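Q: Below is the structure I would like to discuss, written out as structure tokens.
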Amino acid sequence: MAAGAASAATFGVDDRGALPLRYKGLTRSIGLFFNVKAKTVCSAFCVGDSVIATASHCIFKTAGEAPLDPADFLAANRCEH
């Protein structure tokens, strides 16, 4: 691995699967919510024109960690191949 390169790990079994066809219209609402400064990436989905939903630990972190500044986050739509 190159110097400074990040590594990823899966704990347990990766049981993700393709989205069933009946939900294909939702794919445009699913995306990523990331913070470059904190080097965090979370999944998110649109619930309104200016509202997204994500897990609370993505913003507020866990016990003993300072919350992240919401102004430092960026959202990106899912890319389709």
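The values are calculated or read from the model by the stated rules, or taken from the named source; none is laboratory data. All values reported here derive from a predicted model rather than from experimental measurement. Glycine gets a Cβ as well: all are built from the backbone with ideal geometry, and neighbour counts include every protein chain shown. These area figures cover heavy atoms from the full protein model, side chains too; ligands, DNA and RNA do not enter into them. Shrake-Rupley method; radii C 1.70, N 1.55, O 1.52, S 1.80 Å.
Q: Please go through region 36-71 and give me each residue that is surrounded by 13 or more Cβ atoms within 10 Å (Cβ to Cβ) and part of a helix (DSSP H, G or I), ordered by number.
A: Within region 36-71, Cys58, Ile59 qualify.
Q: Scan region 10-18 and give yes if some residue there is among the charged types (D, E, K, R), open to solvent by less than 70 Å² (accessible area, probe 1.4 Å) and over 12 Å from Phe73 (Cα atoms), otherwise no.
A: Of the residues in region 10-18, the ones among the charged types (D, E, K, R) are 14-16.
When the remaining residues are screened for being open to solvent by less than 70 Å² (accessible area, probe 1.4 Å), the result is none.
No, region 10-18 contains no residue that is among the charged types (D, E, K, R), open to solvent by less than 70 Å² (accessible area, probe 1.4 Å) and over 12 Å from Phe73 (Cα atoms).
Q: Something else: Assess whether Ala2 counts as being at pLDDT below 85, among the aliphatic types (A, V, I, L, M) and open to solvent by 80 Å² or more (accessible area, probe 1.4 Å). Spell out how you get there, then give the answer.
A: On the way: at pLDDT below 85: yes; among the aliphatic types (A, V, I, L, M): yes; open to solvent by 80 Å² or more (accessible area, probe 1.4 Å): no.
So Ala2 fails the test.
Q: Now a separate question. Need pairs with beta-carbon distance below 9 Å; first residue closer than 27 Å to Lys39 by Cβ and of a type in the set (Ser, Thr, Tyr) and within region 1-24, second at pLDDT below 55 and in a loop (DSSP other than H, G, I, E, B); sequence gap 6+ or separate chains.
A: Ser7/Met1
Q: Follow-up. Could you please find all residues in region 19-35 being surrounded by 11 or more Cβ atoms within 10 Å (Cβ to Cβ), assigned to a loop (DSSP other than H, G, I, E, B) and at pLDDT 80 or above?
A: Scanning region 19-35 gives no hits.
A quick yes/no check of all residues on (1) touching a residue at least 60 places away in the same chain (Cβ under 8 Å); (2) out of contact with any Asp or Glu (no Cβ under 8 Å at 6 or more places or on another chain); (3) basic (Lys, Arg):
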| residue | (1), (2), (3) |
| --- | --- |
| Leu32 | no, yes, no |
| Lys37 | no, no, yes |
| Cys42 | no, yes, no |
| Lys61 | no, yes, yes |
| Gly64 | no, yes, no |
| Pro67 | no, yes, no |
| Ala76 | no, yes, no |
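Q: Name the residues in region 41-71 that are over 27 Å from Gly25 (Cα atoms) and of a type outside the set (D, E, K, R), would you?
A: Of the residues in region 41-71, the ones over 27 Å from Gly25 (Cα atoms) are 57, 59-71.
Across region 41-71, the qualifying residues are His57, Ile59, Phe60, Thr62, Ala63, Gly64, Ala66, Pro67, Leu68, Pro70, Ala71.
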